[in-house]
Amino acid sequence: MSRTSTDDSPGWPWRYADRDGAGAADGARAPVAYDEAFDAAGQLRADWEPLVAQLRALGVDELRRRWEEARRVLYEHGVSYDAGGGESVARSWNLSPIPVVFGPSAWDPLARGLAQRARLLDRLLADLYGPQRLVAEGLLPPELVFGHPGFLRPCAGIVPPLGQFLPLYAADVVRGQDGRFAVLTDRPQAPSGVGYALENRIVLARSLPEAFRDCGVQRLATFFRTTRDLLRQLAPRGRDNPLIVLLTPGPYSATYFEQAFLAQYLALTLVRGEDIVVR
């Protein structure tokens, strides 16, 4: 393919230079990955039409200018992460200038499936720290549960407030060549990412306001409002304004930016373990 000025050329940011995998080093064709924006016939998917229309109207030069501005905002906000953890140098946050679009036909079943998976894991924890019927009925091997270092024996019999064992859940999701989603990894311990997602949304909404207006983007405010309300419900009863804190390992945490950002956004106090006293 030659790079031309046409809307669908590889020079434009929403098209891959080589979609069918031709040109591999060994001459073999790589498996065709699922293309989020274009169908098998090369036609733009309906859910992407409002976004691509806005990108075409802006043009490459304006899009590039806006993206440079977005990168400057990310730098000024101090958005960073440390992929290696420990005390290694924090890296600047990389964000694609083109958001990925999920229409209702793709997003709704994915959201329902993840919600169902979260409920299943919550009930699984409730059983393992409660009656342990799954073990008694042979559905889970005892050695798998009791031999796992993450199983906290002293917590057996403890029921958390509201009876909710898994208040926050995340998952790594991938889309296969057939377009179907699959969960690669469950992240029920201390899932990170919501703060980065919020920062991504703020920056992209600022750099592409027309696209956010025309695409009817689902807002994130409801999720954060629900999270804050849940934390207040978990606080001891009879307190109108309970003190709620967000626990952080400290500045050397790989996602310290997110922890500080969420504490500020949710109006919580950011504390380390040594800041807490048990009375």
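Accessible surface comparison of ASP214, ASP127, ASP178, probe 1.4 Å, protein chains only, largest first: the order is ASP178, ASP214, ASP127. Relative to the dominant Cα principal axis of the chain, helix 194-207 is inclined by about 30°.
For segment 56-145, state what percent of all Cα-Cα pairs lands in each successive 5 Å bin, counting from 0 Å until the bin that includes the largest distance. Per 5 Å bin, starting at zero, the Cα-Cα P(r) for segment 56-145 comes out as 3, 10, 10, 9, 9, 11, 14, 12, 8, 5, 4, 4, 1, 0 percent. Net charge dipole, the chain: roughly 800 debye, given to the nearest 20, about the Cα centre with Cβ charges of +1 for Lys and Arg and -1 for Asp and Glu. A probe of 1.4 angstrom, applied to the heavy atoms of all protein chains, finds THR185 with accessible area near 50 square angstrom.
The tail of the calculated P(r) for segment 164-279 beyond 22 Å holds 49 percent of all Cα-Cα pairs. Per-residue Karplus couplings for segment 136-145, computed as 6.51 cos²θ - 1.76 cosθ + 1.60 with θ equal to phi - 60°, are listed in order as 4, 8, x, 7, 10, x, x, 5, 5, 7 Hz, Gly and Pro entered as x.
Per-residue 3J(HN,Hα) values for segment 93-101, derived from phi via the Karplus relation 6.51 cos²θ - 1.76 cosθ + 1.60 with θ = phi - 60°, read 7, 9, 9, 6, x, 10, x, 8, 9 Hz in sequence order (x marks Gly and Pro). For segment 80-218, the alpha carbon convex hull comes to 189 Å³ per residue, rounded to a whole number.
Its alpha carbons considered, segment 174-227 gives a radius of gyration followed by a Dmax of 14.5, 37 Å. Taking all protein chains together, PHE223, PHE212 sort by accessible area into PHE223, PHE212, largest first [probe 1.4 Å].
Taken along its principal axes, the alpha carbon cloud of segment 211-253 reaches lengths of 44, 35, 12 Å, longest axis first.
Taking amide H atoms as placed 1.01 Å from N in the peptide plane, the amide H of LEU246 lies under 5 Å from those of THR269, LEU270, VAL271, each 5 or more residues away in sequence or on another chain. For the set TRP93, TRP107, TRP48, the ranking by accessible area, highest first and with no ligand, DNA or RNA atoms included, is TRP107, TRP93, TRP48 under a 1.4 Å probe. Solvent exposure of segment 152-202, expressed per residue, is 63 Å² of accessible area, with all protein chains present and a 1.4 angstrom probe.
Taking every protein chain into account, the 1.4 Å probe leaves GLU68 with about 100 Å² of accessible area, to the nearest ten. When the convex hull of its Cα atoms is viewed from all sides, the chain shows a mean projected area of 20.7 nm². Looking at segment 89-135, the pairs of alpha carbons with a distance over 17 Å make up 63% of the total.
For segment 122-187, the alpha carbon positions stretch 43, 29, 21 Å along the principal axes, listed from largest to smallest.
The values are calculated or read from the model by the stated rules, or taken from the named source; none is laboratory data. Quick caveat: nothing in here was measured; it's all calculated off a predicted structure. All Cβ positions, glycine included, derive from the backbone under ideal geometry; neighbour counts span all protein chains shown. Protein only, heavy atoms only, side chains kept; ligands, DNA and RNA dropped before computing areas. Shrake-Rupley method; radii C 1.70, N 1.55, O 1.52, S 1.80 Å.
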